[in-house]
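The values are calculated or read from the model by the stated rules, or taken from the named source; none is laboratory data. Bear in mind the structure is a predicted one, so any value in this text is a computation, not a measurement. Glycine also receives a Cβ, built like all others from the backbone with ideal geometry; neighbour counts cover every protein chain displayed.
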Amino acid sequence: MAGPLKGVRVVEVANFITGPYAGQLLADLGAEVIKVEDPQGGDPFRAWGGGLYSPHFVAHNRNKRSLTLDLKHPRARGVIDRLVQWADVLIENFRPGVANRLGIGYERVRQINPRLIYCSISGMGQSGPYAHRPAYDTVGQGLSGLLSLLLDPLDPRPIGPAFSDALTGIFAAYGILGALYARERTGEGQRVETSMLEATLGFLVEPFARYFALGEVPGPFTRPKMAQVYAFKCADGQVLAIHLSSPPKFWEGLARAVGREDLINDPRFSNREARVQNYDQLHSELASIFSTRTRDEWLHILEDADVPCTPIYTLDQVLNDPQVQYLGVEQVAEHPTEGRVRMIGYPIRFTQTHLDPPSPPPTLGEDTDAILAELGYSIEDITLLKREMAC
């Protein structure tokens, strides 16, 4: 059995990250995913960096098949209808209203397949005062409050990966799985909706819980202080991080490991509340100590003292770490025309269900002929369709 979702059929009519990531997560679990792309360039992420097989596209489209189809062409509707009849799931991430104009809106396609799970992903929701605004990752981060927890207030430049996009893809896949399970009981399909705004807000449950309970507005340093998280530059210029959390043994182990047992009973740091209150002073005390040895030296000392610690790796360093290598996180697949494709593999393991090795993302339209034939089109029909729609 190749994955717990073997036999589940997914049509992905989505671009960039949110919809494709949701589709990839389902494909990783064994679902058959057909990615519907415009013949003229396909998913816009394909061309980021030149060509039609950019790293950005590769990141979110493994284990899929590519069907090129001009959704604005009158003959495309017939193909979509056959895909809908075939599918268990349809994923779209158009702006609200666009799917209806293209003839693939929920109310229409559910008449073709009442068992269909139809997932709509948007920036701000399908309705409301912001529904028709253009929305990308930074908009979702900013409007949800996430950016306020990431930015340096003295130098407010957005940083890091596409958190809102990725979170939305994860929540979309989560909703689809719930709907598939519900269909097993009821036999009925349904529409599943999420948005970048809602998904990112759903991720921020802890800072909002603090705000609701205490009336305090968290900032970028609130959680590090509460969780007693520190980062220090070592003598070799490398950086490590320490996460003490609540158990006193970790704080006491740290103080002994760095040769400052006197700090344990220092009134400024003698309990967690005091350390939270005097976070900056403790950071200053420790920073001068950590600057005296290399990162590897300190990591050995801290690990021997059972202090929760980690090097802060750059991505190239991550792949050389013994634990990362032991887990087999990096996966390599060979594409017949694109060559060797390196990927980060599946983050989930099953004891009873086998997951096939990942297959590389498809080239644009790679599977068009085969998919159309599987949908019942003759060779002559396929040739005509491709000619008319320039597939």
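Quick notes
- Residues in segment 43-55 that are surrounded by fewer than 18 Cβ atoms within 10 Å (Cβ to Cβ) and either of a type outside the set (G, A, S) or touching a residue at least 24 places away in the same chain (Cβ under 8 Å) (or both): P44, W48, L52, P55.
- Output for segment 293-348, where each listed residue is under 27 Å from the mean Cα position of the chain (by Cα) and aromatic (F, W, Y): Y313, Y326, Y346
- Any hit, segment 294-313, residues being surrounded by fewer than 13 Cβ atoms within 10 Å (Cβ to Cβ), touching a helix residue (DSSP H, G or I) at 6+ places or on another chain (Cβ under 7 Å) and at pLDDT 95 or above: yes
- Matching residues, segment 116-136, being more than 17 Å from N15 (Cβ to Cβ), surrounded by fewer than 16 Cβ atoms within 10 Å (Cβ to Cβ) and touching a helix residue (DSSP H, G or I) at 6+ places or on another chain (Cβ under 9 Å): Y130, R133
- Selection from segment 166-189 of residues that are farther than 16 Å from E12 by Cα and of a type outside the set (A, V, I, L, M, F, W, C): G178, Y181, R183, E184, R185, T186, G187, E188, G189
- Check on E32, more than 20 Å from D165 (Cα to Cα), of a type outside the set (K, R), under 23 Å from the mean Cα position of the chain (by Cα) and at pLDDT 95 or above: yes
- Of the criteria (1) in contact (Cβ under 8 Å) with a residue 40 or more places away in the chain; (2) within 18 Å of G19 (Cβ to Cβ), which one Y174 fails: (1)
- Segment 257-273, subset of a type outside the set (A, V, I, L, M, F, W, C) and part of a helix (DSSP H, G or I), residue surrounded by the most Cβ atoms within 10 Å (Cβ to Cβ): R272
- Spans of helices (runs of 4 or more DSSP H) in segment 144-220 with at least 1 residues basic (K, R): 163-186, 205-214
- Residue within segment 1-12 that is assigned to a strand (DSSP E or B) and in contact with a His (Cβ under 8 Å, 6 or more places away or on another chain) present: yes
Conditions tested, residue by residue: (1) in contact with a Ser or Thr (Cβ under 8 Å, 6 or more places away or on another chain); (2) in a loop (DSSP other than H, G, I, E, B); (3) without any contact (Cβ under 8 Å) to a residue 24 or more places away in the chain.
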{"position": "D81", "(1), (2), (3)": "no, no, no"}
{"position": "R95", "(1), (2), (3)": "yes, yes, no"}
{"position": "E107", "(1), (2), (3)": "no, no, yes"}
{"position": "P114", "(1), (2), (3)": "no, yes, no"}
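- Residue in segment 236-256 that is touching a residue at least 40 places away in the same chain (Cβ under 8 Å), buried (at least 16 other Cβ atoms within 10 Å of the Cβ) and among the hydroxyl-bearing types (S, T, Y) present: no
- Hits in segment 335-370 - residues which are within 19 Å of G51 (Cα to Cα), hydroxyl-bearing (S, T, Y) and without any contact (Cβ under 8 Å) to a residue 60 or more places away in the chain: T337
- Matching option when the condition is of a type in the set (G, A, S), farther than 28 Å from G160 by Cβ and not assigned by TED's automatic domain parsing to the domain that holds I159, among A213, A241, A274, A287: A274
- Count of segment 102-139 residues which are in contact with a Leu (Cβ under 6 Å, 6 or more places away or on another chain) and either farther than 30 Å from R75 by Cα or at pLDDT below 95 (or both): 1
- Candidates R101, R108: the one that is farther than 27 Å from T363 by Cα, surrounded by 15 or more Cβ atoms within 10 Å (Cβ to Cβ) and over 24 Å from the mean Cα position of the chain (by Cα) is R108.
- Complete set of residues in segment 156-198 that are aliphatic (A, V, I, L, M) and surrounded by fewer than 13 Cβ atoms within 10 Å (Cβ to Cβ): I159
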